[in-house]
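The block underneath contains the structure these notes are about, expressed in structure tokens.
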């Protein structure tokens with residue numbers, strides 16, 4: 001289950017893609033399978049990276065994989081990469097966890113090439129706000145969500161770096177009610193209602209029936225659990241200096 005729409009990434013063979021905050025690898029494994037690109041899955045959590053690596057291993061065979069995938073553990077605020085070395089950067093469901101999220105955006109800007117694509121996803125405002133109203137524990141757990149983004153706030157923060165917005169969508173509308181139920185019954189982990197809805201989501205994920213796919217597509221604009229925004233990094237104008245002068 002991926003949140004970023006690959007058709008917005010404008011991928012070409014040989015490009016380098018950074019999945020920053022890759023978690024257990026859903027986006028970077030998907031891209032390794034579908035596109036002839038070099039994908040770097042980076043996360044601060046060693047256990048998540050180990051899980052992602054184990055999940056990717058069965059698909060790393062050339063019989064399945066079109067691209068290559070490398071995992072690493074690193075701090076997103078101090079990435080171990082040179083300036084302007086990635087063609088695409090994905091940062092999915094990460095920024096809501098970060099205190100100094102603008103510093104993370106600046107680091108993404110540093111490693112992204114001019115004309116590169118940046119895809120950012122965060123929990124959509126209303127579904128996330130309702131989760132916070134139903135349960136304090138939902139967002140107060142260690143490593144949990146520390147903010148609810150409004151779309152305009154996030155978009156302006158990224159545009160301020162010189163990135164040009166070009167697309168948006170919402171995703172996973174069928175997952176929003178699950179999290180509302182989970183928050184409502186947070187102190188009842190054995191809730192049959194929550195378990196039943198979870199089984200529905202697993203069935204939907206594995207079988208992809210037409211009915212639920214159509215229902216979710218219709219509901220996404222209103223109830224989508226995640227908001228995805230897409231940007232292209234603009235070329236910065238080079239200041240022309242008079243003959244004989246050097247830049248400072």
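Values in this text are rule-based calculations from the coordinates and carry no lab data. Being a predicted model, the structure only gives us computed values, none of them experimental. Heads up, the Cβs are rebuilt from the backbone with ideal geometry, glycines too, and the neighbour counts pull from every protein chain shown.
For the pair residue 64 and residue 152 in one chain, pulling the backbone fully straight at 0.36 nm per residue adds 27.7 nm over the alpha carbon distance. Inter-label distance, residue 73 to residue 218: 4.7 nm, where each label sits 7 Å from its Cα along the C-beta direction. Among 76, 143, 116, the largest mean-square fluctuation in a Gaussian network model of the chain, built with springs joining Cα atoms closer than 10 Å, belongs to 143.
Which of 90, 42, 33 ends up with the largest GNM mean-square fluctuation for the chain, with Cα atoms connected below 10 Å? Top of the fluctuation ranking is 33.
Give the relative contact order (percent, whole number) for region 81-187; include only Cα pairs under 8 Å separated by 6+ residues. Worked out over region 81-187, it gives 29 percent.
Between 0 and 90 degrees, the angle of helix 175-184 with respect to the longest Cα principal axis of the chain falls at about 60 degrees. Here semi-axes √(5λ) of the Cα gyration tensor in Å was calculated from the structure, and among (1) 27, 24, 17; (2) 33, 22, 18; (3) 39, 21, 11 it sits at label (2). What is region 127-221 by shape, rounded, prolate or oblate, if you read a ≥ b ≥ c off the alpha carbon gyration tensor as root eigenvalues and call it rounded for a/c under 1.5, prolate for a/b larger than b/c, and oblate otherwise? The shape class here is oblate. For the chain, the longest principal axis of the alpha carbon atoms and the long axis of helix 210-223 meet at an angle near 70°.
In nm, what is the difference between 0.36 nm times the number of residues separating residue 57 and residue 178 and their Cα-Cα distance? Before the final figure, lay out each step's value.
Details: separation 121, 0.36 × 121 = 43.56 nm, distance 3.03 nm.
Additional length available on full extension: 40.5 nm.
Which of rounded, prolate, oblate describes region 10-74, given a ≥ b ≥ c as roots of the alpha-carbon gyration tensor eigenvalues and a/c under 1.5 marking rounded, otherwise prolate only if a/b is larger than b/c? Oblate shape, in that a/c is at least 1.5 and b/c is the bigger or equal ratio. Take the Cα of residue 141, step 7 Å toward its Cβ, do the same at residue 166, and the gap between the two points is 3.7 nm. Taking a ≥ b ≥ c as the square roots of the eigenvalues of the Cα gyration tensor, region 35-164 is oblate, since a/c reaches 1.5 or more and a/b is not larger than b/c. Label zone (residue 210, point 7 Å along Cα-to-C-beta; backbone nitrogen cut-off 20 Å) within region 165-204: 203-204. Of 82, 171, 36, the residue with the greatest mean-square motion in the GNM of the chain, using alpha carbon springs below 10 Å, is 82. Rounded to the nearest 10 degrees, the angle from helix 101-111 to the longest Cα principal axis of the chain is 50 degrees.
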